[in-house]
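Working notes, beginning with the structure itself.
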Amino acid sequence: MIYPIVAYGSPILKQKSVPIHFQTNIQPLIDSMFETMYHAGGVGLAAPQINQRLCVFVVDAEPMDEVLLKGFKKVFINPEIITTSGPDIVFEEGCLSIPGVRGQVWRPENIIIKYYDQNWQLHQESFSGMAARVIQHEYDHLQGILVPDHWAVLKRKLMEGKLKAISKGITKADYRMLFLKK
Ligand code: ZN
């Protein structure tokens, strides 16, 4: 099932998600998340973006780099970033919840993350480079952190009008969005 994507300005995007009970069958949710993400042309999607306050996100970043990110398709349930290590690297990030807006975000190059997969197998893995970035972006969503929260005050001021417009439903996204009032 393809869900509408929750737009910037909705309170759920600023809330912390709650852990999922061990061994809950969330396969239907995961299938819908991938379907929604592909439909919108994204490389990652977190549950709050489809209005579910749950600690799960999916990624398939192969379209970003068919060599370095080949097969990088994963489900992260109840993830916990254990450590990060530098150097910090900057990259222009976008977000399906904030269509048409991009901005620089600094993130550590390497992470170690603990998570369950869709079969409730526990993993502890390290990622670096773009894979680590995509994971950190989605992980942020579970903490209620969005790309603009990483920006300097000046950049946020400059983009204020655009962000406000999105929250009011003025956007050219070519996928369905959900605008929730505060
Ligand atoms: Zn995002």
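A short reminder: the numbers here are calculations on the coordinates, not readings from a lab. Everything numeric in this text was worked out from a predicted model, so none of it was measured. Note that we place each Cβ from the backbone using ideal geometry, even for glycine, and neighbour counts take in every protein chain shown.
Comparing mean-square fluctuations of Leu96, Leu158, Leu13 from a GNM of the chain with C-alpha springs under 10 Å, the top value falls on Leu158. Summarising the amide proton neighbourhood of Met177: residues at separation of 5 or more, or on other chains, whose placed amide H is nearer than 5 Å comprise Ile5.
Remark: the chain projects, on average over all directions, an area of 10.0 nm² (convex hull of Cα atoms).
Viscosity 1.567 mPa s, temperature 4 °C: give me the Stokes-Einstein translational D for segment 36-106 in µm²/s, with Rh taken as the Kirkwood radius over C-alpha pairs.
Translational diffusion coefficient: 94 µm²/s.
For every other residue with a beta carbon closer than 11 angstrom to the beta carbon of Ile170, add +1 if it is Lys or Arg and -1 if Asp or Glu, then tell me the sum.
Residues near Ile170 contribute +4 overall.
3J(HN,Hα) couplings calculated from phi for segment 9-22 with the Karplus curve 6.51 cos²θ - 1.76 cosθ + 1.60 (θ = phi - 60°) are, in sequence order, x, 7, x, 4, 6, 9, 9, 7, 7, 9, x, 8, 4, 3 Hz; Gly and Pro show x. For segment 96-182, the alpha carbon positions stretch 42, 29, 24 Å along the principal axes, listed from largest to smallest. The residues Lys74, Lys14, when put in order of fewest to most other Cβ atoms within 10 Å, stand as Lys14, Lys74. Straight Cα distances below 22 angstrom link Lys157 to the lysines Lys14, Lys168, Lys172, Lys181, Lys182, with same-chain residues fewer than 8 positions distant left out.
Is the C-alpha gyration tensor of segment 1-66 telling us rounded, prolate or oblate? Criteria: a/c under 1.5 is rounded; beyond that, a/b larger than b/c is prolate, otherwise oblate. It comes out oblate by the Cα gyration axes. For Thr83, Thr171, Thr36, the sequence from fewest to most other C-beta atoms within 10 Å is Thr83, Thr171, Thr36. Between Gln104 and residues 5 or more places away or on another chain, which pairs have amide H atoms under 5 Å apart, with H built 1.01 Å from N, and which residues are they? Answer set, sorted by chain and number: Glu93. Cα centroids of segment 80-146 and segment 42-70: 10 Å apart.
When the Gaussian network model of the chain links Cα atoms closer than 10 Å, the mean-square fluctuations of Ala40, Ala132, Ala152 top out at Ala152.
Per residue of the chain, the DSSP helices (runs of n ≥ 4 H) give a summed -39500 (n - 2.57) that works out to -8000 deg cm²/dmol at 222 nm. Computed from the Cα positions only, the extents of segment 75-140 along the three principal axes stand at 36, 27, 14 Å, in decreasing order. Taking the DSSP beta bridges with both ends in the chain, the antiparallel portion is around 90 percent.
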